[in-house]
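S.K.: Before we start, here is the structure in question, set down as structure tokens.
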Amino acid sequence: MLKTLFKGGDDERQAAPGMAYAYRASLIGAAHRYVLTDEGLLWRTGRRHGVWPYADIVSVRLSYRPMGMQHRRYRADLRDVGGRRITIFSTSKQTAALMQPQSGYSTFIVNLHRRLAAVDSTARLRAGLGRGIYNSIMALLACVALAMAALLLRALFVGEFAGALFVVGFGALFGWQIGGFLRRNRPRRYTFDDVPKELLP
């Protein structure tokens, strides 16, 4: 399989179900391809390729990353002992503005965790955003909430009930959307046998 992968063959077709995954990060760039094998995580992007032994993977972070009109977009960030990084998305670029969900992402990520567990990996497993980024977002939202509350009180004070209704409606919609993002991306740790379902499509 290594030979097939490095020569640019149809590695996804030859791999066992759930052991291969591919996505396209841009319209003009090469596809990112990954295969789980006994040797490790094989990857190929254009002419660049390599293999990461599972024991060399030191961290995995899963997160929810909606963008544009694509609300089912998820991300896995891997890092090895040498500091190299691999980022795997659950969507592919379809047009300049649209992204297409890729089938097989969830199964591939779950199988990757099983492979890591099988070699008694000590990789750090983290879910959601980094704590610093998450806390910054929460602080910004608190400021936005205070500003909206001030606008609502002012609208009520001067009798602009239509404006007050707009502020309430906008606040409810904004809170519903950002609430789901924050709930899924709450910083936390997880285990190999309990991969967060809310961070998989």
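None of the figures in this text is laboratory data; all of them are computed from the coordinates on show. Keep in mind it's a predicted model, so treat the numbers as computed, not measured. Cβ sites come from the backbone with ideal geometry, for glycine too, and all protein chains shown count toward neighbours.
S.K.: GNM, the chain, Cα, under 10 Å: largest mean-square fluctuation among ARG124, ARG44, ARG84?
M.R.: Greatest mean-square fluctuation among the candidates belongs to ARG84.
S.K.: Quick one: putting +1 on the C-beta of Lys and Arg, -1 on the C-beta of Asp and Glu, what dipole do you get for the chain around its Cα centre, in Debye to the nearest 20?
M.R.: 320
S.K.: Next up: For the chain, what are the DSSP H helices with axial Cα length of 18 Å or more and mean Kyte-Doolittle hydropathy of at least 0.5?
M.R.: Span-like helices, by this rule, are 131-157, 161-184.
S.K.: Could I ask something else about it? With a ≥ b ≥ c the root eigenvalues of the C-alpha gyration tensor of region 131-182, is it rounded (a/c under 1.5), prolate (a/b larger than b/c) or oblate?
M.R.: oblate
S.K.: Each residue of region 192-201 in order: what ³J(HN,Hα) in whole Hz does its phi give by Karplus 6.51 cos²θ - 1.76 cosθ + 1.60, θ = phi - 60°, with x for Gly and Pro?
M.R.: Going residue by residue, I get 4, 9, 9, 5, x, 5, 6, 10, 10, x Hz, with x marking Gly and Pro.
S.K.: Return the sequence-ordered ³J(HN,Hα) values of region 47-56 in whole Hz as given by the Karplus equation 6.51 cos²θ - 1.76 cosθ + 1.60 applied to θ = phi - 60°, using x for Gly and Pro.
M.R.: These are the phi-based 3J(HN,Hα) values: 8, 7, 7, x, 9, 10, x, 4, 5, 8 Hz.
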